[in-house]
Amino acid sequence: MPKGRVLIIEQDEWACALLARYLREADYEVETVGEARVGFDRVRALEPDCIVCGVNLPDIDGFWVARRVRAEPTSVGATPFLFLIDAEDLESRLHGLNVGADLFLTKPFRSDEAVAQVGALIGMANRLKAATHPPSDAPPSSVGATVIQGDLAELAVSTVLTLLELERRTGRLKVRSEAGMTASVELVDGAFVGAALDDTAHDATDLLRMLLGWKSGSFHFRAKPIHSVAERRSLSGLLLEAMRREDEAQNR
């Protein structure tokens, strides 16, 4: 039985064929198209478990596809979205995050990296769906105590936060670095309402900028009511600002 359905939208035939082969060998069902409009039509018809999309497409760019997918009022709007980008293309990385991308796979890519990223995205999305729609025979207490956890080496903080935002989750995400530092982000209906570092309140953008640099460690999300709610802010907007500040710091 296939692990999931993956739609690849990419004009580079070699990269497309190579990625499709890697995913099929890993037991995914794969369909490929080479244009943005055709790709978006297939997204709505196929309802894939993950979309892998190139930035440069012959008719419209991949950002258009991402915006259209995220604007869909059905469950398609929350489909995990992975952009194929060139390693040095920071501008596309920033723009991709702003239009709703979850992960970025840089070209040239390795087979294990591509399969791991697709698998991590599908796995996280499935866990979030299961938590949002628990089995009918699940005890009521289990719904309020939803826990989602994982390894930062497999799923980046930006991806975890993006998925929680798309699912409009309420609760607290705790992230622990390999060095033992602990950061927390509080969400209400998918919007940011608070942040702390080692239990001390912290500036949102500075904390996210720090978290984006944590490549190893663990994360743990627990669904729970957040009673003391400050101003709600867009997570995707905060992530974009954190990436912009980091880029400026590196280019000084």
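Every number here is computed from the coordinates shown, using simple stated rules; none is lab data. Model, not experiment: these values are computed from the prediction. For neighbour counting, all protein chains shown are included, and Cβ atoms are generated from backbone atoms with ideal geometry for every residue, glycine included.
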Which of Lys224, Lys107, Lys174 moves most in a GNM of the chain, Cα contacts under 10 Å? Lys107
As a quick test, which of the pairs Lys107/Lys215; Lys3/Lys224; Lys107/Lys224 have an alpha carbon distance above 28 angstrom in this structure? Lys3/Lys224; Lys107/Lys224
Quick one: divide the alpha-carbon radius of gyration of the stretch 13-111 by 2.2 N^0.38 Å and tell me what you get. 1.01
Could you please rank Met1, Met181, placing first whichever residue has the fewest other Cβ atoms within 10 Å of its Cβ? Met1, Met181
Exposure proxy check: Ser184, Ser158 ranked by fewest other beta carbons within 10 Å? Ser184, Ser158
What distance in nm separates the two pseudo spin-label positions at Arg245 and Arg110, each 7 Å out from Cα along the beta-carbon direction? 3.2 nm
To the nearest 10 degrees, how steeply does helix 157-166 sit against the main Cα axis of the chain, on a 0 to 90 scale? 90 degrees
Exposure-ranked with fewest Cβ neighbours within 10 Å first, Val99, Val65, Val52 stand as Val99, Val65, Val52
Antiparallel bridge percentage (DSSP; both residues within the chain; nearest 5): 60 percent
Amide H contacts of Leu84 (H built 1.01 Å from N, under 5 Å, at least 5 apart or other chain): Cys53, Gly54, Val55, Leu105
Percent relative contact order of the chain, based on C-alpha pairs within less than 8 angstrom and at least six residues apart? 14 percent
Between helix 36-46 and the chain: long-axis angle, C-alpha atoms, 0 to 90°, nearest 10: 70 degrees
Mind jotting down the distance between the C-alpha centroids of the stretch 65-128 and the stretch 159-191, whole Å? 18 Å
Stokes-Einstein D in µm²/s, Kirkwood radius over Cα pairs - the stretch 138-250 at 37 °C with 0.692 mPa s viscosity: 231 µm²/s
Among Pro73, Pro58, Pro48, residue whose mean-square fluctuation peaks in a GNM of the chain (springs only between Cα atoms under 10 Å): Pro73
Put +1 on the Cβ of each Lys and Arg and -1 on the Cβ of each Asp and Glu in the chain; which of Ala204, Leu187, Phe104 then has its Cα farthest toward the positive end of the dipole? Leu187
Please give, to one decimal in nm, the separation of the simple spin-label points placed at Arg24 and Thr200, each 7 Å out from Cα toward the Cβ. 5.6 nm
